[in-house]
Amino acid sequence: MRVLWFEVTEPSGYRNSSLVIAGWQDSLEKILASEDIELIVAFEDKTGSLEVKKNGNVTYVPISTRQSILDRFIGRFSWKPMMKGLLEKMPSVVECYKPDLIQVFGTEWPFGLVAKCTKVPTVVHIQGSMVPYNNALFPPNYSLSSQLLYTFPNIKKMFRFFCDYCKTKSRESIERQVWGVVEYYMGRTDWDWSLSQILHKGCKYFHVEEALRPIFLSTDKVWKPSKKMRLVSTGISSFWKGPEMMLKTARILKEMDCDFEWVVAGNMPRHIKKYVENKEKATFEQNNVKLAGFMGAEALIDLLTESTCYVHTAYIENSPNSICEAQVLGVPVVSTNVGGISTLLEGYENSVLVPANDPWRMASAIMRIYESSQNIKVSNEKVKQRHNPENIKSELLNAYRSIAGQKR
């Protein structure tokens, strides 16, 4: 079977080397490596200089999305230039490689619109979704107007916030088109199944679990409770991820005279950090939150296995790999009860779900985990089974056969 993938990021296999960050698509690609599948991976090339490469049974096809000066300007507040460029290029990729099936990663990107241009069956592997995400675009008491007021009279910063807002809204309108034209979907939570049934009534949905970075499944390191309260979170890159929820929770813990540190592995944009601190009249650093920046997989494993718990403060999610990676190491999880997270934590003993925008409940849950941590036993076998590469391979191939009309 010949399968064509469309994805946003450059695959690690394209460089024929192991990148420091490997997306879950890279992990899924590795799972298919030993199968009788001819895989074509088409991905966005913003430079316009990359060439087609072949590595084993995988052919990598860069799609040039270099834009004119006008399109780059429009692209600051709209996804339409990217959509236009992809719709011009994707049909020729399909025609060249003549796949039996097309798999697209994420409804949030315009790639799913390839279904408009071809009769080849197309399946979207659901990641998140802009439709419900935009419903949680700002936390309570935050808004576009308060952002603009905060940056006034700095016109440059005001323009940046305004452009980000407009671009996010335009992304939703494109995604609604994707939901309308694609018939097949892959997902793994009650949340994404429910969403697919609402946004495309009558669509066909296949359960396929998410692949994790192999090192998290192969390591022999497991969680051992830290004597000091050490909290771990990963990338707080947008308001959806709850940066102000994190700061409020940390402030409550500090007011309780807790001796703790909260390490954030990943990025928090400077403009979001400064805006939240201004709004909350407090800083992350003053409340024991350390923004550690990018962290490789091995360092993150060490950090997680020597922590008190993993903390997730988001307002909307589907199935964040960060929670799954913590679970597979046996790390206790405290998370807001949003999106598909309840599906991930179902049956996982060492976890507490709290309402979104309730930092008091979150602080209390963290305290309870810490106080009982010495008696908590690692319970991760169910999670390891969920992310077992052989099980994921079986689910994926069964979906492929069903969609492409092939019999076992």
One would report the antiparallel percent of DSSP beta bridges in the chain, rounded to the nearest 5, as 10 percent
Computed for the chain: size of charge dipole around the Cα centre, +1 on C-beta of each Lys and Arg, -1 on C-beta of each Asp and Glu, debye to nearest 20, value 960 debye
Fewest-first ordering of Tyr310, Tyr150 by Cβ atoms within 10 Å yields Tyr150, Tyr310
In the range 215-386 the DSSP beta bridges are antiparallel at a rate, in percent to nearest 5, of 5 percent
When the charge dipole of the chain is computed with +1 on Lys and Arg Cβ and -1 on Asp and Glu Cβ about the Cα centre, the Cα farthest towards its positive end, among Pro91, Met158, Asn57, belongs to Met158
The answer for the net charge of residues other than Lys393 whose Cβ lies under 11 angstrom from its Cβ, with Lys and Arg +1 and Asp and Glu -1, is -3
Of all DSSP beta bridges with both partners in the range 210-313, the antiparallel percent, nearest 5, is 10 percent
Helix-only [θ] at 222 nm, the chain, -39500 (n - 2.57) per DSSP H run of 4+, per residue, nearest 500, equals -12500 deg cm²/dmol
The exposure ranking of Val232, Val328, fewest beta-carbon neighbours within 10 Å first, is Val328, Val232
To the nearest 0.05, the calculated FRET efficiency linking Ala33 and Ala299 through their beta-carbon distance, R0 being 41 Å, is 0.95
Whole-Hz Karplus couplings 3J(HN,Hα) for the range 80-91, θ = phi - 60° and coefficients 6.51, -1.76, 1.60, Gly and Pro as x, run 5, x, 5, 4, 4, x, 5, 5, 6, 9, 4, x
Env charge @ Asn287, Cβ radius under 11 Å, K,R +1 / D,E -1, value -1
Whole-Å distance linking the alpha carbon centroid of the range 230-268 with that of the range 351-383 is 15 Å
Subtracting the Cα-Cα distance of Glu346 and Ser173 from 0.36 nm times their residue separation yields 59.0 nm
With +1 at each Lys and Arg Cβ and -1 at each Asp and Glu Cβ, the charge dipole magnitude of the range 215-386 around its Cα centre, to the nearest 20 debye, comes out at 220 debye
If Trp5, Trp360 are placed from fewest to most neighbouring beta carbons inside 10 Å, the sequence is Trp360, Trp5
The alpha-carbon center of the range 205-222 and that of the range 269-327 are separated, in whole Å, by 21 Å
Expressed in nanometres to one decimal, the distance between label points 7 Å along Cα→Cβ at Ser379 and Glu255 is 3.3 nm
Check: C-alpha center the range 95-129 vs C-alpha center the range 147-194, spacing in Å is 20 Å
On the formula 1/(1 + (r/R0)^6), with r taken between the Cβ atoms of Arg270 and Ser68 and R0 of 41 Å, the FRET efficiency rounded to 0.05 is 0.90
Of the residues Val264, His200, Val3, the Cα lying farthest along the dipole of the chain towards its positive end, which is defined by charges on the beta carbon of Lys, Arg, Asp and Glu, belongs to His200
1/(1 + (r/R0)^6) with r = Cβ-Cβ of Glu95 and Thr9, R0 = 25 Å, i.e. FRET efficiency to nearest 0.05, evaluates to 0.55
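Each value in this text was obtained by applying a stated rule to the coordinates, not by laboratory testing. For clarity, every value in this text was computed on a predicted model and none was experimentally measured. So basically every Cβ, Gly included, is an ideal-geometry build from the backbone, and we count neighbours across all protein chains shown.
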